[in-house]
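Here's the structure, in structure tokens; my notes come after.
The values are calculated or read from the model by the stated rules, or taken from the named source; none is laboratory data. Not measured: the values here are computed from a predicted model. Cβ placement follows ideal geometry from the backbone for every residue including glycine, while neighbour counts extend to all protein chains displayed. All accessible areas refer to the heavy atoms of the entire protein, side chains included, with ligands and DNA or RNA removed. Shrake-Rupley method; radii C 1.70, N 1.55, O 1.52, S 1.80 Å.
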Amino acid sequence: MSTSSFACMWSDLESVGRVASGGYRRFAWTAEDHTLREWFASECARRGLDVTVDRVGNQWGWWWDGPGTVDEAVAAGRKAVVTGSHLDSVPDGGAFDGPLGVVSALAAVDSLRAAGITPTVPVAVTNFVDEEGARFGIACAGSRVLTGQLDPATALALTDADGTTYADALRAAGRDPEAFGPDQEALRRVGAFVELHVEQGRALVDLDAPVAVASDIWPHGRWRFDFPGEANHAGTTRLEDRRDAMLGYADLVLGARQVATQRGCVATVGKVHVTPGGVNAIPSHVTGWLDARGADEDQVVDMVDDLTARAQETGATVTRESWTPTTRFDQGLSDRLRRVLDRDAGVSAPVLGTGAGHDAGILATAGVPSAMLFVRNPTGVSHSPAEHAERDDCLAGVAALADCLADLAAGPSRGEEAP
């Protein structure tokens, strides 16, 4: 496989949204996002892929050399094989989370064409918008609205840290909020979706394998905890007279670690807003956001219930902002990917669950046959500038993805129905 296309694309993206730490700030519907979207459209056009944009703003680059249009192929029962990921980031995020999947998808198309492979069904590369939810607070917003799992009115009313609504951000980006919503016409084209992603942990390091197949996404959700208090002077107010909202928040942070350990889960309080926010002022209100995940759905629910009861004793109100139960990827599709990897590598490919959410999981929940490939991350670190993947492992991921796409785009395996 030629490595030049991967290297060139990766180089093009390296400077977009990069900050002093070496990480990235690539938030949805910002100038950086616009640059990334233009880059994606340009790369698709350079390959002769027909670019479409659905009602949410997700981008699709279509490869179809067969008779008729893509829609005519779909109507004839030839639903598309789709791959891709996202280009946005968390604050100070790493380079690989999302972009690795998009760049690998385009490089896989190059590899298939170089090998002279002509798909029997349409193939598409996609760039999902606002996967991280870093600006407006809801992860996978692009795929959630697309599939009808997030009400468009709710999404449009979301605000960022500056008070800009999602609707206003769309207008500033040249999109019409009135057209924003689920898009069944776009979804009906998709017969199978395969997302390649950097692993967000160290399992592949321990297993000494470059690529794995995903089994499922752990149940996960986000909750907002609002703690009441009373503002007062930090120097003249006696301790016994204080109503310090920060104390309830501090108990949440410590309690999350304690209860997560007891329940075999993970819990993170990674965002806080303090009012009035002065060094010498007792907080009158503190809002903290809890991220809760785990392999066992019941344990995650019980953990959040425990923390909610604990917070309510201090007068807090708790609001669930999102919740996704255990998401299992399509077994037939995942088995097929694993057989391809086993055949090519000569050894059994690992199968891993993950605690990270992905657009593939949202599509799977919506009934789209979906699967994922993970590429080894030697640091085990993600959502950080330390996130990494070695060049050879990235190229192994491209090769694995290309082989899987070739197998899927050739039609059903012997004795199987199309996914």
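Quick notes on this one:
So that you can scan it fast, the table gives a plain yes or no per residue for (1) open to solvent by 20 Å² or more (accessible area, probe 1.4 Å); (2) free of Cβ contacts under 8 Å to residues at least 24 places away in the same chain:
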site: D305; (1), (2): yes, yes
site: A311; (1), (2): no, no
site: A316; (1), (2): no, no
site: R320; (1), (2): yes, no
site: T326; (1), (2): yes, no
site: F329; (1), (2): no, no
site: R338; (1), (2): yes, no
site: S348; (1), (2): yes, yes
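- Those residues of region 37-48 which are open to solvent by 10 Å² or more (accessible area, probe 1.4 Å) and in contact with a strand residue (DSSP E or B) (Cβ under 6 Å, 6 or more places away or on another chain), in sequence order: A41
- Qualifying positions in region 360-383 - under 15 Å from the mean Cα position of the chain (by Cα), under 28 Å from V19 (Cβ atoms) and surrounded by fewer than 24 Cβ atoms within 10 Å (Cβ to Cβ): S382, H383
- Screening region 172-280 for helices (runs of 4 or more DSSP H) wholly inside it with 1 or more residues that are polar (S, T, N, Q) returns the ranges 184-187, 245-263.
- Taking region 103-132 as the range and being out of contact with any helix residue (DSSP H, G or I) (no Cβ under 7 Å at 6 or more places or on another chain), farther than 19 Å from G191 by Cβ and not basic (K, R) as the test, the residues that pass are A114, A115, G116, E132.
- Count - residues of region 23-36 that are open to solvent by 30 Å² or more (accessible area, probe 1.4 Å) and farther than 18 Å from F96 by Cβ: 4
- Summed over region 121-138, residues that are among the small types (G, A, S) and either part of a helix (DSSP H, G or I) or buried (at least 24 other Cβ atoms within 10 Å of the Cβ) (or both) total 1.
- Every residue from region 185-219 that is polar (S, T, N, Q) and more than 21 Å from L333 (Cβ to Cβ): Q200
- The residue that is nearest to E240 (Cα to Cα), counting only those in region 264-313 that are among the polar types (S, T, N, Q) and in contact with a Pro (Cβ under 8 Å, 6 or more places away or on another chain), is S284.
- Helices (runs of 4 or more DSSP H) lying entirely in region 291-371 (those with 1 or more residues that are farther than 30 Å from Q184 by Cα): 297-312, 331-345
- Tabulated pairs, region 156-182, first among the aromatic types (F, W, Y), second surrounded by fewer than 17 Cβ atoms within 10 Å (Cβ to Cβ) and outside any helix (DSSP H, G or I), C-beta under 9 angstrom, 6+ apart or interchain: Y166/T159
Here's the yes/no breakdown for (1) out of contact with any Gly (no Cβ under 6 Å at 6 or more places or on another chain); (2) more than 22 Å from I362 (Cα to Cα); (3) open to solvent by 60 Å² or more (accessible area, probe 1.4 Å); (4) in contact (Cβ under 8 Å) with a residue 60 or more places away in the chain:
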| position | (1), (2), (3), (4) |
| --- | --- |
| K79 | no, no, yes, yes |
| T83 | yes, no, no, yes |
| S89 | yes, no, no, yes |
| D97 | yes, no, no, yes |
| A107 | yes, yes, no, yes |
| S111 | yes, yes, no, yes |
| P119 | yes, yes, no, yes |
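- Answer residue from region 189-215, given it is β-branched (V, I, T), more than 23 Å from W60 (Cα to Cα) and surrounded by 20 or more Cβ atoms within 10 Å (Cβ to Cβ) and is nearest to the chain's Cα centre (by Cα) among those: V213
- Taken as a whole, the structure places A7 among residues that are closer than 16 Å to S104 by Cα, in contact with a helix residue (DSSP H, G or I) (Cβ under 9 Å, 6 or more places away or on another chain) and surrounded by fewer than 18 Cβ atoms within 10 Å (Cβ to Cβ).
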